[in-house]
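Asker: The structure is given below, and queries will be raised subsequently.
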Amino acid sequence: MALAETTVRTAKATDKPYKLTDERGLYLLVNQTGKYWRINYRFAGKQKTLALGVYPDTTLKQARAKRDEARSLLSDGIDPGEQKQKKKAERRLLAENSLSAVAEEWLGVVRSKLAANTLKNTKARLENNVLPWLGKRPIAEITAPDILAVLRKIASRGAIHTAHKAKHDLGQVFRYAIATGRAERDPTGDLRGALPAEKTTHFAAITDPKEVSALLRAIDAFKGSYQVQAALRLSPMLFVRPGELRTAEWAHIDLDKAEWRYTVSKTNTEHLVPLSTQAVAALEHLKALTGDGRYVFPGARTASRPMSDAAVNAALRRMGYDTKTEITGHGFRAMARTILHEELHQKPEVIEHQLAHRVTDNLGTAYNRTKFLKERKQMMQLWADYLDKLKAGAEVIQLQGKTAA
């Protein structure tokens, strides 16, 4: 007789497992751990049992449908148990080859190659903007139109830069998938020009020598903590990225050799900053104050953390400068790049190396921390001398700054 839903629902476990039989071979196995739908069948002369689900997750109606599907397979000469295992393996394979799985694997591979902040931002971009829509899809089946639809969602909210970065991230994931045999091509290459162009934004910077002169004198007159004033004085002199200056560690600075070595956060490459005599003097004074700790510029509240990333810009605003239109901490880099080239006639490739930019030479070699080291040492001393002359109000336009080839 056919089972009733009420019978199935009210069945109670006993000391021994027992079966409640339904039509056409279906039965419910009841034991201390639960209620399990089963069907017994013979295939190729062997007695087998096929699990069809657990009650109440699988209802009586659903169990009967699965039974009928299994009997249909048997009539076609197909083992329903083997078919179930095959589909399970296919689902597992699809999960392993999904965009989410490949992206997670790729992030694990590049973890040691990327700066912590870069890795964090890349992971967040994928998880927040791409994977909710494409993550479960097999990566080999994702097409350029699929990706474009997602990128347009990002761009539609005004996040053009994020859309371009997400496209770049996906390109790297696809290239990893190609290398590991999960995809045959990178469809992001087909999207060139499909997104609106990014609006190039530049950090506010002062590049006129006369205005630089006034800024340097304002820095000298700044009334604030000694650490912030020292950071302000060293910012134009060293022109490193603000985050690298504020997190500078004494362990990486050799005042005897007049060198500062650290890892560039943006590219995860080693960088060397030659220190002028003025920079060494400023750091020696600062070492008497903060040299017992880890950071050159410790935080105002605790020495175990570096100075706030807003400290330099806040100081510039206190001095009366607009950090959106006039000068920002990052703008000291543009200041140095422009004046070193246009006023002091330094070679662009030497300047770019000192800025820790990736500059490819004729042999295809990217940035090397020791390349142009002699020229860079001369340039950094020349630059510090030039800044001193500017601050003093001397006529600097005539200063010749060519270095030996």
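Asker: Is it the case that segment 254-264 has a residue that's surrounded by 15 or more Cβ atoms within 10 Å (Cβ to Cβ), closer than 20 Å to L114 by Cα and of a type in the set (F, W, Y)?
Answerer: There is at least one residue in segment 254-264 that is surrounded by 15 or more Cβ atoms within 10 Å (Cβ to Cβ), closer than 20 Å to L114 by Cα and of a type in the set (F, W, Y).
Asker: Next question, about the same structure. Output the residues belonging to segment 38-49 that are farther than 22 Å from E5 by Cβ and hydrophobic (A, V, I, L, M, F, W, C). Break it down stepwise before answering.
Answerer: Filtering segment 38-49 down to residues farther than 22 Å from E5 by Cβ leaves 40-49.
Hits for segment 38-49 are F43, A44.
Asker: Moving to a separate point now. Does E184 meet the test of being open to solvent by 60 Å² or more (accessible area, probe 1.4 Å) and under 15 Å from Y321 (Cβ atoms)? Steps first, please.
Answerer: Values: open to solvent by 60 Å² or more (accessible area, probe 1.4 Å): yes; under 15 Å from Y321 (Cβ atoms): no.
The answer is no for E184.
Asker: Of all the helices (runs of 4 or more DSSP H) wholly in segment 243-346, which have at least 1 residues that are without any contact (Cβ under 8 Å) to a residue 60 or more places away in the chain and among the β-branched types (V, I, T)?
Answerer: Numbers: elements: 277-290, 311-318, 331-342.
Per the criteria, 277-290.
Asker: Kindly establish whether F203 is at pLDDT below 90 and more than 20 Å from N129 (Cβ to Cβ).
Answerer: On the way: at pLDDT below 90: yes; more than 20 Å from N129 (Cβ to Cβ): yes.
So F203 fits the description; yes.
Asker: What are the residues in segment 1-22 that are of a type in the set (D, E) and more than 15 Å from Q62 (Cβ to Cβ), if any? Talk me through it step by step, then tell me what you get.
Answerer: From segment 1-22, those of a type in the set (D, E) are 5, 15, 22; that's our starting set.
D15, the sole residue that qualifies.
Asker: Take residues that are under 30 Å from R294 (Cα atoms) and tell me which of the helices (runs of 4 or more DSSP H) falling wholly in segment 119-233 contain 1 or more.
Answerer: 209-220
Asker: I've got another one for you. I'm trying to understand the selection: among the residues of segment 147-169, which are closer than 26 Å to E96 by Cβ and open to solvent by 40 Å² or more (accessible area, probe 1.4 Å)?
Answerer: A149, K167, H168
Asker: When residues of segment 19-48 are filtered for being among the β-branched types (V, I, T), free of Cβ contacts under 8 Å to residues at least 24 places away in the same chain and in contact with a strand residue (DSSP E or B) (Cβ under 9 Å, 6 or more places away or on another chain), how many remain? Before you say what the answer is, go through the steps one by one.
Answerer: Here is the first cut: in segment 19-48, the residues among the β-branched types (V, I, T) are 21, 30, 33, 39.
Checking which are free of Cβ contacts under 8 Å to residues at least 24 places away in the same chain leaves us with 21, 30, 33.
Among the residues that remain, those that are also in contact with a strand residue (DSSP E or B) (Cβ under 9 Å, 6 or more places away or on another chain) are: 21, 30.
Summing the residues that are among the β-branched types (V, I, T), free of Cβ contacts under 8 Å to residues at least 24 places away in the same chain and in contact with a strand residue (DSSP E or B) (Cβ under 9 Å, 6 or more places away or on another chain) in segment 19-48 gives 2.
Asker: Restrict the check to segment 85-102 and report whether at least one residue is exposed (fewer than 11 other Cβ atoms within 10 Å of the Cβ), of a type in the set (S, T, Y) and at pLDDT below 95.
Answerer: no
Asker: Restricting attention to segment 50-64, which residues are open to solvent by 30 Å² or more (accessible area, probe 1.4 Å) and either over 19 Å from T7 (Cα atoms) or more than 48 Å from the chain's Cα centre (by Cα) (or both)? Can you show your working first?
Answerer: Just the residues of segment 50-64 that are open to solvent by 30 Å² or more (accessible area, probe 1.4 Å), to begin with: 51, 54-57, 59, 61-62, 64.
Listed by number, the residues that qualify are A51, K61, R64.
Asker: Look at Q172 and say whether it is out of contact with any Cys (no Cβ under 9 Å at 6 or more places or on another chain), surrounded by fewer than 19 Cβ atoms within 10 Å (Cβ to Cβ) and more than 20 Å from M307 (Cβ to Cβ).
Answerer: yes
Asker: Restricting to segment 299-312, give me the number of residues that are farther than 11 Å from A231 by Cα and open to solvent by less than 70 Å² (accessible area, probe 1.4 Å). Show your work before the answer.
Answerer: Going through segment 299-312, the residues farther than 11 Å from A231 by Cα turn out to be 299-306, 308-310.
So of that shortlist, the ones also open to solvent by less than 70 Å² (accessible area, probe 1.4 Å) come out as 299, 302-303, 306, 308, 310.
Total meeting the criteria: 6.
Asker: Would you check if A197 is open to solvent by less than 60 Å² (accessible area, probe 1.4 Å), under 24 Å from the mean Cα position of the chain (by Cα), at pLDDT below 90 and over 15 Å from F332 (Cβ atoms)? Walk me through how you get there before you give the answer.
Answerer: Working: open to solvent by less than 60 Å² (accessible area, probe 1.4 Å): no; under 24 Å from the mean Cα position of the chain (by Cα): yes; at pLDDT below 90: yes; over 15 Å from F332 (Cβ atoms): yes.
Judged against the criteria, A197 is not a match.
The values are calculated or read from the model by the stated rules, or taken from the named source; none is laboratory data. Not measured: the values here are computed from a predicted model. For neighbour counting, all protein chains shown are included, and Cβ atoms are generated from backbone atoms with ideal geometry for every residue, glycine included. These accessible areas exclude ligands, DNA and RNA; they are computed on the full protein's heavy atoms, side chains included. Shrake-Rupley method; radii C 1.70, N 1.55, O 1.52, S 1.80 Å.
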